[in-house]
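Each remark here refers to the structure printed beneath this line.
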Amino acid sequence: MSKDVKDLEEFSRELQEQIMEQIRKRYAHTVIDYWQNPRNFRKINNPDGYAKVKGPWGYHGEGHCTHLAAETLRRAIGDCLNKKRP
């Protein structure tokens, strides 16, 4: 492996660690866990809602990622709040 590739991998690892450090300061462990391990990926039978995401460049713009992140966080919070306490 070349030095450039090793340098790039090291930079990437350090950047990921810095990002996760900032995320841990801002969000609870449960929220991060749901973000990293989504639990709501399944087909919905007879859905009663509709959503269309449109970013500044059509349907694949940055708004799409923002919407998905917000939806994942919304579901994680909802699951956490609805969890029965012992």
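Counted residue by residue at 0.36 nm each, then reduced by the alpha carbon distance between them, the extension gain from GLU14 to CYS80 reaches 20.7 nm.
The alpha-carbon of LYS25 sits under 16 angstrom from the alpha-carbons of these aspartates and glutamates, leaving out residues fewer than 8 places away in its chain: GLU17, ASP33.
Read-outs throughout are calculated quantities, based only on the coordinates presented, and are distinct from any laboratory measurement. Keep in mind that what you see is a predicted model, and the values were worked out from it rather than measured.
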